[in-house]
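Before any comments, here is the structure.
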Amino acid sequence: QVQFVESGGALVQPGGSLRLSCAASGSIFTLYVMGWYRQAPGKQRDMVALITSGGNTKYVDSVKGRFTISRDNAKNTVYLQMDSLKPEDTAVYYCNRVPKLESSWGQGTQVTVSS
């Protein structure tokens, strides 16, 4: 059973940057397509970025050009570099496989963008 542990969230001012990390257990991590998801208060949890095992990436329009997803398969870790942050990026951020494994959600990491 793979588990994910997210870290790196913080309070940041608009225009600032953060780098989130997601550590995964399990030896088959390298085979997974991995995604970063976020959930704002009162809203559903949506995927914002994904990366294939070979390093191809996709982003939703709202973060394209500002967020960068990457992975280090040797460390079983996925990253999300977030630049030019906006208040609407405020949410709890999670990582999971694509398609998601419902039993493997971690605690998430809170990102708050506010002045």
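The values are calculated or read from the model by the stated rules, or taken from the named source; none is laboratory data. Computed from a predicted model, the values in this text were never measured in an experiment. Positions of Cβ are generated from backbone atoms using ideal geometry, with glycine treated the same way; all protein chains shown enter the neighbour counts. Just so you know, the surface numbers come from the protein's heavy atoms only, side chains and all, with ligands and any DNA or RNA stripped out. Shrake-Rupley method; radii C 1.70, N 1.55, O 1.52, S 1.80 Å.
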Practice task
Collect the residues in segment 55-64 that are open to solvent by less than 80 Å² (accessible area, probe 1.4 Å) and either part of a loop (DSSP other than H, G, I, E, B) or at pLDDT below 95 (or both), keeping them in residue-number order.
Solution key: GLY55, VAL60, SER62, VAL63
Problem - Flag if SER84 is at positive phi, over 11 Å from the mean Cα position of the chain (by Cα), modelled with pLDDT of 95 or more and in a loop (DSSP other than H, G, I, E, B) - result: yes
Practice task
Search segment 70-115 for residues being closer than 18 Å to GLN13 by Cβ and small (Gly, Ala, Ser), and hand back the single one that is surrounded by the fewest Cβ atoms within 10 Å (Cβ to Cβ).
Solution key: SER115
Fill in the blank from the handout: Of (1) open to solvent by 40 Å² or more (accessible area, probe 1.4 Å); (2) in contact with a strand residue (DSSP E or B) (Cβ under 7 Å, 6 or more places away or on another chain); (3) of a type in the set (S, T, N, Q); (4) in contact (Cβ under 8 Å) with a residue 40 or more places away in the chain, GLN1 satisfies every one except (2)
Fill in the blank from the handout: By residue number, the members of segment 4-15 that are surrounded by 12 or more Cβ atoms within 10 Å (Cβ to Cβ) and in a loop (DSSP other than H, G, I, E, B) are GLY8, GLY9, ALA10, PRO14
Exercise for the section: Run GLY26 past the list (1) within 11 Å of ARG97 (Cβ to Cβ); (2) open to solvent by 30 Å² or more (accessible area, probe 1.4 Å); (3) in a strand (DSSP E or B) and report the number of the one that doesn't hold. Expected result: (3)
